[in-house]
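The block underneath contains the structure these notes are about, expressed in structure tokens.
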Amino acid sequence: MNGLAVIAGLSSKFPFLPKTPKQSGPGPFRRFKPWRPNPWRPNLLDAGPGPHLGWSGSLELRLATRKSEIRKAQKLRYKVFFEEGGAAADGAAALIRRDICPFDKVCDHLLVIDHAARNRFGKVKPKVVGAYRLLRQDVAQKNFGFYSAQEFDIGPLLARHPNSRFLELGRSCVLADYRGKKTIEMLWRGIWTYVKHYRIDAMIGCASLEGTDPEKLASQLSFLFHHAQATPEWLVSPLPKRFVPMNRLEQAQVDAKRALAALPPLVKGYMRVGARFGDGAVVDRQFGVTDVFVVMPINEIEGRYIEYFGSPDDLARRAA
């Protein structure tokens, strides 16, 4: 990762998905009725899916429509990535205590806000407690490109799928006190609503394994190489100068059960909904992680995804 931004795409520090699909009723999540967008955010089209996407108790799921909301997401990211994760902030970020990134200006920001949160004086003050950054291909191509292209050679992937719509997921984080299933599921319901509205064909991004010594990560990297590598049409490799082999052990040498258990929760969560991974990793010594590329073709994961979260139409019926 270069100095433009902080931690690549998909953070791997948080509990993620339930191990088995929920068998109970629809739960307390409810969606809002359709809304007309705020013109401040040009990415939210006239038929956009937000900003208000639903509630669960005091938690609101929404897309950011104001600069102040994005600044709150940046503050959350700073707390999680720098204060908790130990990433090294540059002077500007350390001064203002926000994870600042040029890509924030062109991305949509999915937020979970706790409207019952209290400040240090005990006064109720809504707080951003979860965030995801969403970058559609059409927006990326008009601006900086995809964030993950700083580490991975994604050009061939896009060329193989000229008629597909890609969505890059990034900067996922949840405040420590909210790192339960409820907050994560709200974020992923929001992502799915966004995916279906914009008719996304594939989600992409980066996931991080903690540590910068590939030999110490040999079991996990080799497991992903042998058991979860993308098919050739979806395969992505790192930029040549950053390529680190993942095939460090022969398949027979990998204890699949132990390797799977050692993977970060987010990576295992993606695997449960059918995600696949690239060929080659990238070591980011500045942030103490090793990144792998994740690809999730919608037609391959849709069934599993709906098992966990339900479709947007299901959510609408539940709210009726």
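The values are calculated or read from the model by the stated rules, or taken from the named source; none is laboratory data. Remember, predicted model here, so these are calculated numbers, not experimental data. Neighbour counts are summed over all protein chains in view; Cβ atoms, including those assigned to glycine, are modelled from backbone coordinates with ideal geometry. With ligands, DNA and RNA removed, areas are computed over all heavy atoms of the protein, side chains included. Shrake-Rupley method; radii C 1.70, N 1.55, O 1.52, S 1.80 Å.
Note on segment 100-134: residues that are closer than 16 Å to CYS173 by Cβ, among the hydrophobic types (A, V, I, L, M, F, W, C) and modelled with pLDDT of 95 or more total 10.
Pairs linking a residue in segment 72-84 that is without any contact (Cβ under 8 Å) to a residue 40 or more places away in the chain to a residue that is part of a helix (DSSP H, G or I) and open to solvent by less than 10 Å² (accessible area, probe 1.4 Å), with Cβ atoms under 8 Å and 6 or more positions apart or on different chains, are GLN74/ASP104; TYR78/ALA93. Selection over segment 52-103 of residues that are open to solvent by less than 20 Å² (accessible area, probe 1.4 Å), part of a loop (DSSP other than H, G, I, E, B) and of a type in the set (S, T, N, Q) gives a count of 1.
Quickly run through segment 165-183 and pick out the residues that are of a type outside the set (Phe, Trp, Tyr) and touching a helix residue (DSSP H, G or I) at 6+ places or on another chain (Cβ under 8 Å).
Initially, segment 165-183 is screened for residues of a type outside the set (Phe, Trp, Tyr), giving 165, 167-177, 179-183.
Residues satisfying the conditions are ARG165, LEU167, GLU168, LEU169, GLY170, ARG171, SER172, CYS173, VAL174, LEU175, ALA176.
A count restricted to segment 104-128 and to residues that are more than 18 Å from ARG179 (Cα to Cα) and either loosely packed, with under 13 Cβ neighbours inside 10 Å or among the basic types (Lys, Arg) (or both) stands at 8.
Within segment 272-320, the set of residues being modelled with pLDDT of 90 or more and more than 22 Å from ARG165 (Cβ to Cβ) comprises ASP279, GLY280, ALA281, VAL282, VAL283, THR290, ASP291, VAL292.
Which of the residues that make up segment 211-233 are exposed (fewer than 14 other Cβ atoms within 10 Å of the Cβ) and touching a residue at least 60 places away in the same chain (Cβ under 8 Å)? Step through it out loud before you land on a result.
To start, the set of residues in segment 211-233 that are exposed (fewer than 14 other Cβ atoms within 10 Å of the Cβ) comprises 213, 215-216, 231-233.
Once the filter is applied, which keeps residues that are exposed (fewer than 14 other Cβ atoms within 10 Å of the Cβ) and touching a residue at least 60 places away in the same chain (Cβ under 8 Å), segment 211-233 yields only GLU233.
Looking at segment 129-198, what helices (runs of 4 or more DSSP H) fall wholly within it and have at least 3 residues that are touching a residue at least 12 places away in the same chain (Cβ under 8 Å) and buried (at least 21 other Cβ atoms within 10 Å of the Cβ)?
It comes to 181-197.
The helices (runs of 4 or more DSSP H) located wholly in segment 254-311 that include 2 or more residues which are over 16 Å from PHE223 (Cα atoms) and open to solvent by 10 Å² or more (accessible area, probe 1.4 Å) occupy 298-309. Of the residues making up segment 182-213, just one is over 15 Å from the mean Cα position of the chain (by Cα) and within 13 Å of LEU266 (Cβ to Cβ), namely GLU210.
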